[in-house]
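The values are calculated or read from the model by the stated rules, or taken from the named source; none is laboratory data. None of these values were measured; they are calculated from a predicted model. Here the Cβ positions follow ideal geometry from the backbone for every residue, glycine too, while neighbour counts run over all protein chains shown. Side chains are part of the model used for accessible areas, which takes the heavy atoms of the whole protein and leaves out ligands, DNA and RNA. Shrake-Rupley method; radii C 1.70, N 1.55, O 1.52, S 1.80 Å.
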Amino acid sequence: MLKKAEALSKIANIPEIAAQAALIHQILSTDYVEQADINELEYIRNSLRGLIKYIPKDEAVRYHTNFEEENMLWSEVGTKDEYEAEYGSKPLGEFVREIVGLDMNAAKEAFAEYLNSANLDSRQIYFVNQIVEYIVHNGLLKDFSILQEPPFTDQGSIVDIFTDMSVWLGIKNTIDQVNSNAIFTAA
C-alpha cells in the first residue's frame, strides 16, 4: 500500500489524485496504515482503488504472499474471531482480492481465449473487456446481475450479444475460475 501511495504522490497533478492528497500524505508521512483497523483499511482501499489506474506501468507493484504460518496473520492484524465478526465466513482470499483487485495482465491472460479470438465480433470483445476491467478493479465477479447494467449492456444484453450461448457459457466458466482462484481460507 505504501508503494502505491508513493507512486500516486508522484502524479498528484491529476485532479482525482489531488483530491486524495491529504490521505496519500497521511499514509506516507505517519504510521496511519500500521495503526489502522479493518474499517480504516477499507476506507483507504475505497478511497484509492480508483486511482491505481493512473500509476504508470513501470511503477506498478505486484504483491506475492505466502503465509507459511497462518497464525502470524491472526496474531498481528487481529484475531480470526474479529475477522469473522466483521466479515462473516467470507474466505480470506476473497477479502484480499476485493481489496487489491486483480492484476490487469492476469485478468487478460484468463480471458485471452476470448480477447484474441478471431471468432468474436466487436460487441462481444467489448463485453469481455468490460468483465476484465470489472475484475481488475473488484478482484472478482460474483454477482452476475451486474452484467445486466451499463457498461455491460452498452452494446446489448448477453442474449443479444451472444447468439451462440456456448461462447457465453465458456466466458462464465472463466469468470467462475477467476473467482475460485481467490478462495482460500486461513486456518
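Between residue 158 and residue 96, the C-beta separation translates, for a Förster distance of 25 Å, into a calculated FRET efficiency of about 0.30. Solvent exposure of the chain amounts to 60 Å² per residue of accessible area, where only protein heavy atoms count and the probe is 1.4 Å. Roughly speaking, to the nearest percent, how much of the chain's 1.4 Å accessible area is carbon and sulfur? Answer for the chain is 50 percent, counting heavy atoms of protein chains only. Which of 80/142; 3/53; 3/172; 80/108 have a Cα-Cα distance over 26 Å? Among 80/142; 3/53; 3/172; 80/108, the Cα-Cα distance tops 26 Å for 3/172; 80/108. Normalised by 2.2 N^0.38 Å, with N the number of residues, the alpha-carbon radius of gyration of the chain equals 1.16.
What residue among 85, 21, 110 has the largest mean-square fluctuation in a Gaussian network model of the chain, using Cα springs under 10 Å? Per the Cα network of the chain with a 10 Å cutoff, 85 tops the list.
Think of each Lys and Arg Cβ as +1 and each Asp and Glu Cβ as -1; about the Cα centre, that makes the dipole of the chain roughly 620 debye. Comparing 131, 14, 38 in a Gaussian network model of the chain, where Cα atoms under 10 Å apart are tied by springs, the biggest mean-square fluctuation is seen for 14.
If you average the sequence gap of Cα pairs under 8 Å that are 6 or more apart and divide by the length of the chain, what percent do you get for the contact order? Answer for the chain is 21 percent.
When the chain is modelled as a GNM with alpha-carbon springs shorter than 10 Å, which of 103, 176, 164 fluctuates the most? Answer for the Gaussian network model of the chain: 164. In whole percents, the pair-distance distribution calculated for the stretch 76-162 from its alpha-carbon pairs, binned every 10 Å from zero, is 16, 38, 27, 13, 6, 0. Its residues counted as N, the stretch 120-179 yields a C-alpha radius of gyration over 2.2 N^0.38 Å of 1.02.
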